[in-house]
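Enquirer: Structure in structure tokens, see below.
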Amino acid sequence: MKLFSLALFAALSATSFAKTYPITGDTVNCRSGPGTSYAVKKSYKKGQSVSISCQASGTSVSNNNIWDKTSDGCYVADYYVKTGVNGYVTTKCGGSSGGGGSSGSYCKKINTA
């Protein structure tokens with residue numbers, strides 16, 4: 001029982017420390033890929049927080065071509081996410097996501113518990 005309690009505590013603690021960022025646009029679409037031509041999977045409201053699992057290059061939105069892949073598995077334009085910097089805040093997405101990430105990069109998974 002102690003081992004189960006310790007494992008549960010560790011899992012809950014890991015998820016509570018994940019970095020989240022607020023959405024700044026009134027209604028921001030989250031798309032299936034890093035660009036405005038991809039299908040909308042869901043939308044976020046202003047002030048809603050998102051976790052970024054990785055970032056990719058895509059369609060430029062107001063001179064910002066960074067797209068953030070959320071823990072929901074869809075992409076939002078970084079222009080509408082208040083990360084506090086004008087650049088990448090985590091690893092670049094890799095693989096065949098269409099994100100244009102550099103070769104050898106990876107997408108770090110968070111909140112997988």
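The values are calculated or read from the model by the stated rules, or taken from the named source; none is laboratory data. Since the structure is predicted, the reported quantities are computational estimates derived from the model, not experimental observations. Don't worry about glycine lacking a Cβ; one is built from the backbone with ideal geometry, like all the others, and counts go over all protein chains shown.
Enquirer: For the condition among the hydroxyl-bearing types (Ser, Thr, Tyr), farther than 18 Å from Tyr88 by Cα and assigned to a loop (DSSP other than H, G, I, E, B), what is the one hit in Ser43, Ser37?
Expert: Unique residue meeting the criteria: Ser37.
Enquirer: So, Val81, is that one surrounded by 18 or more Cβ atoms within 10 Å (Cβ to Cβ) and modelled with pLDDT of 95 or more or not?
Expert: yes
Enquirer: When only residues in region 50-72 that are in a strand (DSSP E or B), within 8 Å of the chain's Cα centre (by Cα) and small (Gly, Ala, Ser) count, which is surrounded by the most Cβ atoms within 10 Å (Cβ to Cβ)?
Expert: Filtering region 50-72 for residues that are in a strand (DSSP E or B), within 8 Å of the chain's Cα centre (by Cα) and small (Gly, Ala, Ser), the one surrounded by the most Cβ atoms within 10 Å (Cβ to Cβ) comes out as Ser53.
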